[in-house]
1. Looking at the range 348-358, which of the residues that are at pLDDT 95 or above and either of a type in the set (Val, Ile, Thr) or surrounded by fewer than 15 Cβ atoms within 10 Å (Cβ to Cβ) (or both) is farthest from ALA415 (Cα to Cα)?
2. Filtering the range 359-372 down to residues that are open to solvent by 50 Å² or more (accessible area, probe 1.4 Å) and among the hydroxyl-bearing types (Ser, Thr, Tyr), which residue is farthest from the chain's Cα centre (by Cα)?
3. May I ask you to verify whether VAL272 is touching a Cys at 6+ places or on another chain (Cβ under 8 Å) and hydrophobic (A, V, I, L, M, F, W, C)?
4. For the subset of the range 224-266 comprising residues that are among the aromatic types (Phe, Trp, Tyr) and in a strand (DSSP E or B), which member is surrounded by the most Cβ atoms within 10 Å (Cβ to Cβ)?
5. I'd like the full set of residues that are open to solvent by less than 20 Å² (accessible area, probe 1.4 Å), in contact (Cβ under 8 Å) with a residue 40 or more places away in the chain and either β-branched (Val, Ile, Thr) or at positive phi (or both), limited to the range 473-512.
6. With the requirement that a residue be under 28 Å from the mean Cα position of the chain (by Cα) and polar (S, T, N, Q), what does the range 456-473 give you?
7. Checking ASP456 against (1) modelled with pLDDT of 95 or more; (2) open to solvent by 90 Å² or more (accessible area, probe 1.4 Å); (3) among the acidic types (Asp, Glu), which single condition isn't satisfied?
8. For the condition modelled with pLDDT of 95 or more, over 15 Å from ASN338 (Cβ atoms), crowded, with 16+ Cβ neighbours inside 10 Å and hydroxyl-bearing (Ser, Thr, Tyr), what is the one hit in TYR399, TYR431?
Amino acid sequence: MVLALGGCAKQIGPTGGAKDVDPPVILTSEPLNESTTFSGNQLKLEFNEYVNTQKLINEMVVSPPLKYPVEVKMKGKTVTISWKDTLQENSTYMFQFGEGIADLNENNPLDSNVFVFSTGDYIDSLTYSGKIIDAQTLKPVEGVWAMLYSDAGDSLPLTSLPKYFSKSDARGEFQIRYIADGDYKLFALLPENRGYKFDVPTEQIGFTDLRVTPYIQGADSGLDKLTIKLFQEEDTLQFLSEINQLDYNGLQVVFNLPPSNYSLSCLTEQNVNDWTVKTNKEGDTITYWFDKTLKYDSLKLWVQTDKVSDTVFLRKPVGRKPGKGKGGDKKKLKLIRNSGPVQPYFKTLRFQSKTPLAKVDLKTSFLYTSSDTLPLGLYARQDEEVIEIDYAWKQGESYKILIPDSVIWNRFDQANDTILVSFKASEKEDYGQLSINHLLPDLGHSFVWYLIGKDDKVIDKRNVEHKGVVSYPTLETGKYQLKVVFDSNENGEWDSGKYIEHRQPEQVLFYEEEIEIRSNWQSEIDWKVEPGASN
């Protein structure tokens with residue numbers, strides 16, 4: 001009896017029933033789906049439940065595109081979509097709702113998210129599909145407009161709206177449906193705005209000079225589907241991008257493109273000729289180091305190239321005193337080591353300074369091995385911003401380096417804190433060997449060769465001829481890719497395309513397989529590329 005009463009007293013909260021997983025259903029519509037001879041300016045959809053349309057404006061795609069934005073209204077379980085445009089005659093219109101219509105409770109999107117009608121006597125039923133990839137990486141690109149134009153002319157994507165379009169999926173594949181018979185120009189566009197025109201310089205575009213012909217859906221078996229390579233055109237506009245103040249120690253001038261005939265002069269009393277000038281590898285950033293800490297309230301600079309002339313006015317760096325950090329304490333010289341806890345046994349250990357060095361005295365600095373203590377200065381070399389320790393590291397051995405406080409000084413009277421680092425030299429077993437015998441098409445130009453490691457990091461870049469051998473005697477174990485660029489203008493770089501010139505980006509090829517480097521293992525592969533090959 002006690003057990004029975006206890007069981008009766010137990011309270012259980014209401015479960016609310018099974019979770020709603022059913023999408024909303026269109027009960028009736030005006031016009032009906034796949035109607036013909038339609039001449040109205042709105043679409044009414046009545047659902048079997050209340051729906052949410054907050055995302056509909058952003059999700060919905062109308063093909064052919066409408067010039068003006070649509071208006072969405074909801075009353076009860078009915079959604080009305082209206083427009084100001086006059087619809088084209090004898091055209092099939094497709095409304096793709098995406099996930100813009102969903103039920104109110106569980107946000108289940110409408111499954112029948114395509115609605116079609118025609119202003120003519122029949123529904124156009126042809127289709128066209130293909131793939132969009134990145135021109136440099138050859139990886140599929142999602143969310144790109146694939147657009148068809150019935151007209152001809154070079155200004156189509158710049159000035160005109162497409163006749164038909166759809167978006168690429170995660171595999172880069174697209175399918176454009178309900179197309180009228182004919183042939184079309186095909187473009188790919190990744191817009192910066194919500195438009196369908198190639199009207200922003202940073203937008204990415206892809207094109208083919210061939211006109212394409214749609215086909216009956218399902219009749220594409222055995223057809224070679226076209227692949228469009230997406231690229232961003234090279235920015236040819238030169239401008240002064242920014243000037244960075246490096247505390248009171250220097251300046252950094254950044255251009256949009258590497259400048260030519262460049263000069264900088266100071267319109268105040270400073271002598272630019274006393275400053276040290278360094279240009280980065282890309283050539284677009286020029287760093288000026290003052291000869292000493294420059295206590296200035298303002299600087300007025302004149303920057304000039306063959307395309308840019310500009311006056312720049314700089315006030316003193318905010319929140320700092322010369323030679324001090326934000327808190328007023330004297331700033332210390334920072335040195336960065338080029339390796340972590342494991343030092344490659346065949347490489348020089350380097351300490352990199354962010355500022356030019358003035359004085360290095362390593363008399364009290366030491367290198368500790370497992371059996372000896374050695375003066376570090378015996379193995380040290382120095383240039384303006386780097387200290388190299390050139391020592392024959394023994395595989396697998398542990399080391400320590402001690403550099404006492406204030407033995408390394410930069411030209412701005414800043415010294416190092418005590419540096420004590422421990423590390424271990426790598427071993428031969430940490431690496432493998434790779435040799436590639438390559439035979440590329442003999443096209444009268446060289447190729448840019450890339451070895452790519454984890455996270456798409458470029459391990460090696462060099463120029464190669466069409467035939468030869470590339471060897472890597474010490475590669476860390478792991479997986480790698482090989483890539484070549486058909487360097488048709490032989491500038492040592494991949495060059496983008498230009499639509500208005502009908503110039504495609506330079507061709508890129510990847511070795512078809514990922515290369516795995518194993519411990520203490522020697523791999524040799526042959527890479528032969530037939531003329532006309534692409535991937």
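The values are calculated or read from the model by the stated rules, or taken from the named source; none is laboratory data. The model shown is predicted, which means the values in this text are computed figures rather than measured ones. All Cβ positions, glycine included, derive from the backbone under ideal geometry; neighbour counts span all protein chains shown. Calculation scope for accessible area: heavy atoms of the full protein, side chains included, ligands and nucleic acids excluded. Shrake-Rupley method; radii C 1.70, N 1.55, O 1.52, S 1.80 Å.
1. The selected residue is THR348.
2. Keep residues of the range 359-372 that are open to solvent by 50 Å² or more (accessible area, probe 1.4 Å), which gives 359, 361, 363-364, 366, 368, 370-372.
Now narrow it down to the ones that are among the hydroxyl-bearing types (Ser, Thr, Tyr): 364, 368, 370-371.
Values: THR364: 47, TYR368: 44, SER370: 46, SER371: 49 Å.
Among residues in the range 359-372 that are open to solvent by 50 Å² or more (accessible area, probe 1.4 Å) and among the hydroxyl-bearing types (Ser, Thr, Tyr), the one farthest from the chain's Cα centre (by Cα) is SER371.
3. Numbers: touching a Cys at 6+ places or on another chain (Cβ under 8 Å): yes; hydrophobic (A, V, I, L, M, F, W, C): yes.
Answer is yes for this residue.
4. Our first condition is that a residue be among the aromatic types (Phe, Trp, Tyr); within the range 224-266, this holds for 231, 239, 248, 255, 262.
Then keep just the ones that are in a strand (DSSP E or B); that gives 231, 255.
Values: PHE231: 24, PHE255: 21.
Checking each candidate, the answer is PHE231.
5. The answer is VAL484, GLY492, VAL508.
6. ASN463
7. Every listed condition holds for ASP456 apart from (1).
8. Working: TYR399 fails: over 15 Å from ASN338 (Cβ atoms).
Matching residue, one of TYR399, TYR431: TYR431.
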